[in-house]
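These notes are about the structure you will find just below.
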Amino acid sequence: MTRSIRWAALTILLVSATGTAKTQPAFQYPDLVRPKQPIALSSNAAHYIEKHQENGEVKVWVFFTDKGVYTKGQFESATLAARETLTPRALARRAKHGINTIEFADLPVNQHYVDLVVNAGGKLRWASRWLNAASFEVDQAALDLIGKFPFVERIKKQ
């Protein structure tokens with residue numbers, strides 16, 4: 001089944017730190033923004049991490065709520081940049097399967113989010129644009145702080 005982008009006008013409510021609501025026009029795309037989980041680090045993951053830490057550091061996947069793309073213009077700009085990262089071989093392989101467009105999953109992970117996790121004490125291992133997540137080695141004490149970031153959907157053990 002081919003994915004199609006449905007351009008529709010909608011409003012995303014953004015609540016600022018002061019508690020006042022602002023609106024920002026956006027376009028609709030499946031999984032554009034995933035809801036933040038109430039508890040970023042599950043109790044099972046926390047228990048596993050506590051048992052398997054090395055030198056106080058653990059390996060985790062940090063899943064992000066979005067890719068920082070909220071408007072049609074931002075999406076078009078991001079797809080142009082994403083196309084530049086694909087090799088000719090990758091483009092040919094995609095064309096062979098009838099994939100001639102850049103999909104939302106092809107967009108890179110939001111670098112600003114990665115930088116904030118690194119500033120909180122995480123060591124980036126790699127990022128997955130398809131998962132919209134990044135793998136980090138993190139000091140266990142920093143996990144609570146990282147889990148409270150508004151752009152972190154959830155944290156899973158690796």
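The values are calculated or read from the model by the stated rules, or taken from the named source; none is laboratory data. Bear in mind that the values here come from a model prediction, so they are computed numbers and not experimental data. No Cβ is skipped: glycine too gets one built from the backbone with ideal geometry, and neighbour counts run over all protein chains shown.
Check the stretch 24-36 and report whether any residue there is modelled with pLDDT of 75 or more and loosely packed, with under 11 Cβ neighbours inside 10 Å. Taking every residue of the stretch 24-36 in turn, at least one turns out to be modelled with pLDDT of 75 or more and loosely packed, with under 11 Cβ neighbours inside 10 Å. Checked against the criterion of being of a type in the set (Phe, Trp, Tyr) and modelled with pLDDT of 90 or more, the candidates 75, 63 yield just one match: 63.
Yes/no matrix, rows are residues, columns are (1) of a type in the set (Gly, Ala, Ser); (2) within 28 Å of residue 50 (Cα to Cα); (3) surrounded by 13 or more Cβ atoms within 10 Å (Cβ to Cβ):
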residue	(1), (2), (3)
87	no, no, no
108	no, no, yes
124	no, yes, yes
134	yes, yes, yes
138	no, yes, yes
143	no, yes, yes
148	no, yes, no
156	no, yes, yes
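Restricting attention to the stretch 96-106 and to residues that are surrounded by fewer than 18 Cβ atoms within 10 Å (Cβ to Cβ) and not charged (D, E, K, R), the residue that is nearest to residue 145 (Cα to Cα) turns out to be 105. State whether one or more residues within the stretch 43-52 are assigned to a loop (DSSP other than H, G, I, E, B) and either modelled with pLDDT under 70 or under 17 Å from residue 130 (Cα atoms) (or both). Scanning the stretch 43-52, I find at least one residue that is assigned to a loop (DSSP other than H, G, I, E, B) and either modelled with pLDDT under 70 or under 17 Å from residue 130 (Cα atoms) (or both), so the answer is yes.
Checked against the criterion of being modelled with pLDDT of 90 or more, basic (Lys, Arg) and more than 30 Å from residue 58 (Cα to Cα), the candidates 89, 129 yield just one match: 89. Note on the stretch 58-158: enclosed strands (runs of 3 or more DSSP E) holding 1 or more residues that are without any contact (Cβ under 8 Å) to a residue 60 or more places away in the chain and of a type in the set (Phe, Trp, Tyr) are 123-128.
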